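Notes for the one structure printed next.
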Amino acid sequence: MMLPASDLAEIVTNLVGLRLEPTTTAAVLGAVLPPLLRSSETPTPAVGQPQSKPRSAAPRRKREKSGPRLAAAAPAADEPTDGPRQRARAALAANPDATLTRIAKIAKCSHGTAINARKELAAEARKQARKETRKSACEASKAAKPERRQRAQRFLRDALAHGPKQVSDVEEAAEKAHVDAHSLEQARAELGIVTTRANTGGAQAVQWSLPG
């Protein structure tokens, strides 16, 4: 908005009335007019009219960081928590010669899960092998017991066929014939071997003899 012409004329008239030097008049005008012109450009609000507040800048929305999102494979709703491990075990059983990387790809699980699944299968295989070994040994022992008793019985019949013998001599002969002491004792009880004491060379010795 420009300064009114009447105001400008009044200012000039007053300066002329002062009869100043032209250079001084010009200097005064140069010092007075610019502030007046600037103040006249600022509109004065009417009485009773609220002053408008400067608009505040709208808050800037934070920009979400862009970038590729990692796609996480969500488990199926009905899949158990150990589903990946079970898939890895099944893949290992079906592909025993495949690499772990290949197993992880087939089972759609992590490489670590494939490693753990292989360790579990190996541990279970060792446990099963030990169990079968113990079972076989137990069955073999059960099958051998009757045979050992029969051998011990045959040994006692042969050893005592010609009459009573000292127990120490019988046990020594049994050891040479590979008849263990337990089987010998069982055979003695089953055959009903008779135990007696006799004086041999002045010393009393324990003897075994067949019944009857």
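Key figures for this structure:
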read-out	value
Odd one out for Asn116 among (1) at pLDDT 90 or above; (2) farther than 30 Å from Thr81 by Cβ; (3) part of a helix (DSSP H, G or I)	(2)
Matching option when the condition is of a type in the set (Lys, Arg) and closer than 30 Å to Gly83 by Cβ, among Lys145, Lys135, Lys176, Lys105	Lys105
Neighbours by Cβ (under 7 Å, 6+ apart or cross-chain): first from the range 183-212, part of a helix (DSSP H, G or I); second at pLDDT 90 or above and surrounded by fewer than 13 Cβ atoms within 10 Å (Cβ to Cβ)	none
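The values are calculated or read from the model by the stated rules, or taken from the named source; none is laboratory data. All values reported here derive from a predicted model rather than from experimental measurement. For neighbour counting, all protein chains shown are included, and Cβ atoms are generated from backbone atoms with ideal geometry for every residue, glycine included.
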